[in-house]
Amino acid sequence: MNKDTICALATANGIGALGIIRLSGDEAVSIAQKSFKGKNLEKQKSHTVHYGYIVDGEEVIDEIMVSVFLAPKTFTTENVVEISFHGSLFIGKRILEVLIKNGARMAKAGEFTMRAFMNGRIDLSQAEAIADMIASENEASRKVAINQLKGGITNEISILRTDLLNFVSLIELELDFAEEDVEFADRTALIGLLKRIEEKLRSLIESFQYGNAVKNGVAVAILGKPNAGKSTLLNALLKEERAIVSNIAGTTRDTIEELLHIKGNTFRLIDTAGLRETTDEIEKIGVKKAIEKVEQAEILIYLIDSATTDFREDMLMIKPLLREDLKLIICATKIDEVIPAQHEKMEALLRQEIAKEFDFIKISALENQNLQDLKNELSSYVEELKTEENNVVITNQRHFQALQKSLESVQKVEDAVHIKISTELLAYELRNALEYLG
Ligand code: GDP
C-alpha cells in the first residue's frame, strides 16, 4: 500500500467563501503541524477543530480552521487533516505548495476514495455511490446514491450469499460422505432459498430501468410537422424551469440536450438544437433522421396543430417511429385558437389509425393551458418504473450485468437440483453462483 501522505483541494475549483484542502496519510498531522501556527496539532484528540494560521516559514499565508481526524475512524482509515481556508484559488494553491514543501504530495484524481476502498472502509459499490452522490443533480438520484452509499445493495446481496454459503458447506460435507449416500442439505429448503434469491435478484434487475432513469434522466423527443408548435412548447416547458435548465454539449452523447426537471426527476429533451431556430424541422431532418432521434428516446411527444383535418402526413411520420418500449404522448396544440369539438374527432381518428396506447393531451403552449397535464404524464412515466419493494435501486451498468449473471447461475443450480444432478456437479454450480453473487 502506498504510504505517501497525499493532499488536494476537496472543494470545487473556483471561488467561494471557504475552500477545503484535505490531507491523508501517516504524516498528515505532522505535515499540517509543520505548516501551521497555533496549537500543537500532534497533541490534539481525533475529530477536533482548531484555529490558527498556515505559514510558509515566517510568512503567514491565511487564517484558517484545521480539523484533525486520527486513524482509523476516518474516510480513508488513515490520519486525515482538513484545512478550511478563505476560498480563493490562489490561496488554495499557496497552501498546497506549503504542504508539498513539508512532505505531502498531490493526490491523483480519486485517490482519497481509492484509499478508502483499498483500506476496506468502503466497498466498490459504495465507491461508485460516492461518484454518483457528487454527480447527482436531482432529488431522486441523490436518494438512490445515498442508499447505495449506506451499503444498500451490498447488504441485501450479502445476506442472501451467506444463506447460500451455508448450503454449499452442507453439500460439500455430503461429498466427504459420498459412500454413505446421505443428504445433509435439505433439497426442498435449498429450492426455497434459491427461489427467494431469484426473486430478490429479479427485483434488483427490474429496478435498473428506474435507476437508469434517475441517474441519466429520461430521454424525450419532441416531433411534429412544421408550425405544429414544437419550439413554442419547448420554450414554455423550459421557461418555467429556467433556474435549473442547463445545456449539455455532448461528451458521451453527440447531440445537444436540454434538461427539464419535474418533481425531482430529470428529462433530457434530445436534439432540440434545431427546434429553436427553424420552423421546418421535419423537412429538415427527414423521416430517417426522425427515426434515429426517436430511437434514443423513451418518450415521444408528437404535436399536431388542432386545426389539422388531414392526418395522412402525421401518420406517415408516427408509424415508423412506434416501438413496444416507447411511450407516446400526442398533443393537440393551440387550443386557445381552436374549438374543442374538433378534438374528439381527432382523437378517434388517431386511435383508429395508430392502434397503440397513447396519451392524448390538448394544450396551448402560448397560453400555458394543460401544460401541467403534460408534465404530470412525464413524471408518472418515471413513477411507474418505481416498484414498491425497490428501496434499493440499481443504477450501474456493471451491477446490472453482474446481477443478470447471478440470476442465470442461480437458475442453473435450481435446474441442477430438479434433475437430481450428482452432488459434485451441484457443488460446482453452487460455487459458480456464489462467485457471481460475490
Ligand atoms: P414549430 O415549427 O413546430 O417549432 O412551431 P412554432 O413553435 O414555431 O409555432 C408556429 C406558430 O404557431 C408560431 O407563430 C407560434 O406563435 C404559433 N403557436 C405555437 N403554439 C401556439 C399556441 O399554443 N397557441 C397559439 N395561438 N399559437 C401558437
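The values are calculated or read from the model by the stated rules, or taken from the named source; none is laboratory data. Predicted model only: the values in this text are computed from it and were never measured. Positions of Cβ are generated from backbone atoms using ideal geometry, with glycine treated the same way; all protein chains shown enter the neighbour counts. The accessibility values were calculated without ligands, DNA or RNA, using every heavy atom of the protein model including side chains. Shrake-Rupley method; radii C 1.70, N 1.55, O 1.52, S 1.80 Å.
Highest first, please rank the peptides 310-320, 20-30 by the mean number of other Cβ atoms sitting within 10 Å of their residues.
On the way: 310-320: 14.2, 20-30: 22.5.
Sorting 310-320, 20-30 by mean packing, highest first, produces 20-30, 310-320.
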In the chain, what percent of the accessible surface is made up of carbon and sulfur (1.4 Å probe, ligands and nucleic acids excluded)?
52 percent
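Any number yet on Rg/Rh for region 1-78, C-alpha, Kirkwood? It would help to have the intermediate numbers written out before the result.
Values: Rg = 12.7 Å, Rh = 13.3 Å.
When Rh is taken as the Kirkwood radius, the ratio is 0.95.
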Excluding Lys334 itself, what net charge comes from residues whose Cβ is under 11 Å from its Cβ, given Lys and Arg +1 and Asp and Glu -1?
-3
Which lysines, on any chain, are close to Lys288 with Cα under 26 Å apart, when same-chain ones fewer than 8 places away are left out?
Lys225, Lys230, Lys319, Lys327, Lys356
Starting at 0 and stepping by 10 Å, how many percent of the alpha carbon pairs of region 363-423 end up in each bin?
17, 22, 22, 18, 11, 6, 3, 0
Which one, Arg121, Arg268, Arg187, has the greatest fluctuation when you compute a Gaussian network model over the chain with C-alpha springs under 10 angstrom?
Arg187
According to a simple spin-label model (label point 7 Å from Cα along Cα-to-Cβ), what is the distance in nm between Phe311 and Asp176?
7.3 nm
Cβ under 12 Å from Ser67's Cβ, Ser67 left aside: what net charge do those residues give with Lys, Arg +1 and Asp, Glu -1?
+1
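Please report the orientation-averaged projected area of the chain, defined via the convex hull of its C-alpha atoms, in nm².
Values: hull surface 117.0 nm².
With every direction weighted equally, the projected area is 29.2 nm².
For Asn227 and Glu383, compute 0.36 nm times the residue count separating them, minus their Cα-Cα distance, and round to one decimal in nm.
53.0 nm
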Kirkwood Rh for region 1-131 from C-alpha pairs, in Å, is 14.7 Å
Exceeding 25 Å between C-alpha atoms, which entries from my cross-link table qualify? They are Lys43/Lys108; Lys215/Lys412; Lys239/Lys362.
Lys43/Lys108; Lys215/Lys412
At 0.36 nm per residue, and after removing the present C-alpha to C-alpha distance, how many nm does the segment from Val55 to Arg187 gain when stretched out fully?
40.5 nm
To the nearest 0.05, the calculated FRET efficiency linking Glu367 and Ser88 through their beta-carbon distance, R0 being 60 Å, is 0.75
Residues of the chain: accessible area per residue with a 1.4 Å probe, Å²
52 Å²
Please report, largest first and rounded to whole Å, the three semi-axes of the ellipsoid equivalent to region 323-375, where each semi-axis is the square root of five times an eigenvalue of the C-alpha gyration tensor.
21, 15, 6
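Would you calculate a helix-derived [θ] at 222 nm for the chain, using -39,500 (n - 2.57) for each DSSP H run of n ≥ 4 and dividing by the full residue count, to the nearest 500?
Working: 14 runs with 205 residues, N = 438.
Taken over the chain, the calculation gives -15000 deg cm²/dmol.
What's the extension gain from Arg105 to Ala17 if we count 0.36 nm per residue and subtract their Cα-Cα distance?
Values: separation 88, 0.36 × 88 = 31.68 nm, distance 2.54 nm.
Going from the current span to full extension adds 29.1 nm.
Could you check what % of the DSSP bridge pairs in the chain are antiparallel, to the nearest 5? Please list the in-between numbers first.
Details: 38 of 59 bridges.
Bridges in the chain are about 65 percent antiparallel.
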